[in-house]
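Colleague: Structure incoming, see below.
Bear in mind that the values in this text are calculations on the coordinates, not laboratory data. Keep in mind the model is a prediction, meaning the values are calculated, not measured. Every residue, glycine as well, gets a Cβ built from its backbone with ideal geometry; the counts of neighbours run over all protein chains shown.
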Amino acid sequence: MKHNGSKKMKIWTAASLAALTLTAGTVYTVSAVRADGLSAAAAGSAAVHASAAAQTAAASSTAADKIVDQYNALLKKRGQLPQAFAFLNKHIGDVSKRQATLMTLHLENAVKKALPAMEARFNSTSVQTAIFKVYRFGDDFADVIKRTKDRKLIALLKEADASGYKLETAEGMFFPIVDYTKFRKYGAYVNPDIKAYFDIMAVESEKAVAKDAALTIGYQELVNRTLSMEQFVAKYPYSNRAAQVKTLFDRYKLFTFYGLSNTPLFDYNTKTIMPNAKKGYTLVLQYNKPSSSEYLTLLQKFMKLLKDENYKLTAKVEAFRSANIPIE
């Protein structure tokens with residue numbers, strides 16, 4: 001059959017295309033095409049990039065492992081807490097979140113382990129006297145350092161500060177405690193549960209719940225702190241720090257329903273609930289949803305019983321506390 005003078009279309013094969021040359025002498029080749037649509041050249045390029053990425057990741061992992069090893073070596077050495085803090089501050093962004101989490105927890109362990117030795121150094125008469133001479137209410141290490149001329153005291157306070165402690169006072173004594181605000185700044189680098197843990201502990205170290213057998217915070221704040229601990233335990237039951245928060249939570253519950261020796265929940269003479277406690281607990285229950293919390297539900301039942309008992313510590317109230325919040 002004729003086709004009106006049109007030329008027969010030539011079918012090019014990959015082999016003939018590969019051999020095609022132009023008169024200018026330039027050779028054009030057609031790369032083999034893979035089943036996934038990538039040319040051999042493109043596939044090769046992708047493989048090179050993947051290999052390079054793998055090598056970079058491996059190198060980064062190796063570098064991070066070296067950082068962790070150096071850090072752990074510091075923690076094993078006595079008196080190296082300031083160096084450990086400085087090292088972590090510099091390198092925490094160079095390791096994985098898991099590694100950063102473990103590094104901060106190991107540092108906390110080391111700081112707590114070294115605390116008794118630091119306390120012993122503060123307990124000496126010379127240190128207590130030197131601090132007392134210049135101390136003003138609310139002072140921190142930096143404030144005392146500014147006022148004293150005692151070089152030995154200055155050196156001790158600077159070391160304590162750099163080692164993760166802060167100055168606290170109670171019953172006329174000065175002593176160091178763990179400063180969790182130094183750990184809170186690592187929140188962006190660690191797992192969510194540990195960030196939440198450091199937040200809870202920072203609030204505690206910034207202002208202690210009690211001193212000299214008396215509450216130092218208001219009743220509404222007492223309840224709010226307790227709620228944050230309850231929420232932590234519910235949200236992170238398998239956290240590495242769940243047990244510590246649970247212990248703190250149980251302690252706060254006792255404070256809620258019993259008070260302390262110098263700030264009892266009920267007046268020793270009239271057996272009537274303290275006015276501030278009644279007001280604080282009532283407001284908290286009004287502005288929160290008790291059904292969302294076992295702790296608040298218990299407090300709601302307690303306050304309802306107190307209302308029925310004219311807000312006095314009666315035998316029924318005692319029985320309620322013994323059954324629901326026993327003192328072990």
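Colleague: Lys and Arg at +1, Asp and Glu at -1: add these up for the other residues within a Cβ distance under 14 Å of MET229 and post the number.
Modeller: Around MET229, the charge tally is -1.
Colleague: Order these peptides, 274-284, 109-119, by their mean beta-carbon neighbour count within 10 angstrom, highest first.
Modeller: 274-284, 109-119
Colleague: Defining a contact as two alpha carbons under 8 Å apart and six or more residues distant in sequence, what relative contact order in percent does the range 209-328 show?
Modeller: Here the relative contact order equals 25 percent.
Colleague: Full-extension gain between TYR258 and VAL233, please, as 0.36 nm times their residue separation minus the C-alpha to C-alpha distance.
Modeller: So the chain would gain 6.8 nm between TYR258 and VAL233.
Colleague: OK, next. Based on alpha-carbon centroids, what's the gap between the range 291-314 and the range 224-273 in Å, whole number please?
Modeller: So the two Cα centres are separated by 15 Å.
Colleague: I've got another one for you. When only Cα pairs under 8 Å and 6 or more residues apart are kept, what is the percent relative contact order across the range 140-216?
Modeller: With pairs under 8 Å counted, the relative contact order is 21 percent.
Colleague: Among 166-177, 123-134, what's the highest-first ranking by average C-beta atoms within 10 angstrom per residue?
Modeller: Ranked by mean Cβ neighbours within 10 Å, highest first: 166-177, 123-134.
Colleague: Right, next: Near LEU248, within a Cβ-to-Cβ distance under 12 Å, what is the net charge of the other residues, with Lys and Arg +1 and Asp and Glu -1?
Modeller: +2
Colleague: How would you classify the range 117-188 from its alpha-carbon gyration tensor, with a ≥ b ≥ c the square roots of the eigenvalues: rounded for a/c under 1.5, else prolate if a/b is greater than b/c, otherwise oblate?
Modeller: Prolate shape, in that a/c is at least 1.5 and a/b is the bigger ratio.
Colleague: Please give the net charge around THR297, taking every other residue with its beta carbon less than 13 angstrom from that of THR297, where Lys and Arg add +1 and Asp and Glu add -1.
Modeller: After counting each charged neighbour, the total is +2.
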